[in-house]
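These notes concern the structure reproduced below.
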Amino acid sequence: MKKPTLVNHPPKVELPPDNHPVGAPIYQNVKFEFDDLEQTTRFLRGERAGFFYMRTSNPTSRQLELTLAALQGRDDCLTTGTGIGAVGHTLLALTKQGDHVLCFIETYNPTRYIIRRLLSRFGVTHTMLSIEDLAGIERTLAETPTRLVFFESPTNPVTKIADITAITHLAKTHGALSVMDNTFAGFHQHGDYEIDVFVHSLTKYASGAGDVMGGAVIARADLMRPLRTDFGALGVALDPHAAFLIQRGLKTYFVRYSAQCARAMRIAQLLASHPAVARVHYPGLPDHPQHALAALQMREFGTIVSADLKGGFAAGGCFAESLELFALTSSLGSTESLVVAPQMMGGRDLTPEQLRVSGVTEGTVRLSIGLEDEGDLVADVVQALDATRTRCG
Ligand SMILES: Cc1ncc(COP(=O)(O)O)c(C=O)c1O
């Protein structure tokens, strides 16, 4: 073998059968081969298991998919390069021209964009209601044949809680699929409900480190099979190195989520007791309007705490800027705390009435609580609130 050939066919290192790595290796590999043509064609005809081309599957992302399906309590999972990739391709794969989608004002902005602006180009219509409008949901589903209901809980940014039993029951009664973006609640929550399809951004709690993006669709096998075909054709696969980082992050998912929730509760209580704050939104607080529903549906209340500052827009911005430990940026679920100021909030696509219904005010600030020392976080929030009162009234 000449050297240019050697570098393209390097010596194989195979582990003895009784010798295993403790962590799974990263299969940073696009192509896989079988020993002969017969096995290759059997695989291509779907007659045997294996891996062939990374866009369809890869052992590293497959391990992550199996983990996530088990965590969420469903048969199967597909991973994607981003969370919004999972949302968009699920909506695309589940709908066709003439279908109707029921969606909500209290939904992640880019998801609203996909439903309202992209799907409509392909003849998919929608109705957008408030997640609290159960009568409207019932009426819409009764009057308009609907392919799917897409919802979140807790909602972004003011942590409204969807009544999952009511929504999934109504969807099922009227022959619609229920699709839930479960990013805020996490993989260990809501699995007991009759939700047909879960989507998640893995960019958030899964890795926790905030240094990698990914998405997931999780559902029962009969729904996943056609999705897998469409996703393979559309080409949204998660890179194996990202899959490895997310899988590694999941090792600490449960301890991180619980510890961050405990800190979030403490910050929510602190904000609720401060004179500069008009209202706090955290489902764990007993005076959250849907606390009882949240307590019924959730084991943990999440790590997002929002607050309406009394001084409105300027005070919200002032508070966000005064925080020293909170990065002034979007995203959530990472081990660093983050803050979204009113100046950074989305919702420009909403009418004034829809904005009012959304619960977002001029002074709404969203905090994503991380894993810093609780005392340090408390001290930082107190100093920022005090600075807001001094500087911005
Ligand atoms: C609820 C929710 N769904 C989906 C996404 C999109 O995820 P990604 O940023 O990984 O595309 C986000 C991102 O913030 C989100 O908050």
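The values are calculated or read from the model by the stated rules, or taken from the named source; none is laboratory data. These numbers come from a predicted model, not from an experiment. With ideal geometry, Cβ positions are generated from the backbone for all residues, glycine too; neighbour counts draw on all protein chains shown. Side chains included, ligands, DNA and RNA excluded: accessible areas come from the protein's heavy atoms. Shrake-Rupley method; radii C 1.70, N 1.55, O 1.52, S 1.80 Å.
Quick check, is GLY346 in contact (Cβ under 8 Å) with a residue 12 or more places away in the chain and either away from the ligand (no atom under 16 Å from the Cβ) or part of a helix (DSSP H, G or I) (or both)?
Working: in contact (Cβ under 8 Å) with a residue 12 or more places away in the chain: yes; either away from the ligand (no atom under 16 Å from the Cβ) or part of a helix (DSSP H, G or I) (or both): no.
Considered against the rule, which asks whether it is in contact (Cβ under 8 Å) with a residue 12 or more places away in the chain and either away from the ligand (no atom under 16 Å from the Cβ) or part of a helix (DSSP H, G or I) (or both), GLY346 comes out as no.
Only one of these is β-branched (Val, Ile, Thr), surrounded by fewer than 18 Cβ atoms within 10 Å (Cβ to Cβ) and either free of Cβ contacts under 8 Å to residues at least 24 places away in the same chain or touching a helix residue (DSSP H, G or I) at 6+ places or on another chain (Cβ under 9 Å) (or both): VAL280, VAL305, VAL255. Name it.
VAL255
When you check ILE131 against the structure, is it within 16 Å of the ligand (Cβ to nearest atom), touching a Leu at 6+ places or on another chain (Cβ under 7 Å), under 25 Å from ARG348 (Cβ atoms) and modelled with pLDDT of 95 or more, yes or no?
Criteria not met by ILE131.
What's the total number of residues in segment 61-92 that are crowded, with 24+ Cβ neighbours inside 10 Å and not in a helix (DSSP H, G or I)?
4
So for segment 285-295 (the condition being within 16 Å of the ligand (Cβ to nearest atom) and buried (at least 18 other Cβ atoms within 10 Å of the Cβ)), does at least one residue qualify?
For segment 285-295, residues within 16 Å of the ligand (Cβ to nearest atom) and buried (at least 18 other Cβ atoms within 10 Å of the Cβ): absent.
What residue, among those in segment 145-186 that are hydroxyl-bearing (Ser, Thr, Tyr) and surrounded by 15 or more Cβ atoms within 10 Å (Cβ to Cβ), is farthest from the chain's Cα centre (by Cα)?
Among them, the one singled out is THR146.
Take the conditions out of contact with any His (no Cβ under 7 Å at 6 or more places or on another chain) and either farther than 13 Å from ALA243 by Cβ or open to solvent by 60 Å² or more (accessible area, probe 1.4 Å) (or both) and apply them to ASN58. Does it pass?
no
Can you pull out every residue in segment 368-378 that is open to solvent by less than 60 Å² (accessible area, probe 1.4 Å) and within 22 Å of HIS281 (Cβ to Cβ)?
Those that are open to solvent by less than 60 Å² (accessible area, probe 1.4 Å) and within 22 Å of HIS281 (Cβ to Cβ): SER368, ILE369, GLY370, GLU372, LEU377, VAL378.
Name every residue in segment 197-222 that is buried (at least 20 other Cβ atoms within 10 Å of the Cβ) and either away from the ligand (no atom under 16 Å from the Cβ) or among the basic types (Lys, Arg) (or both), in order of residue number.
LYS204, ALA219
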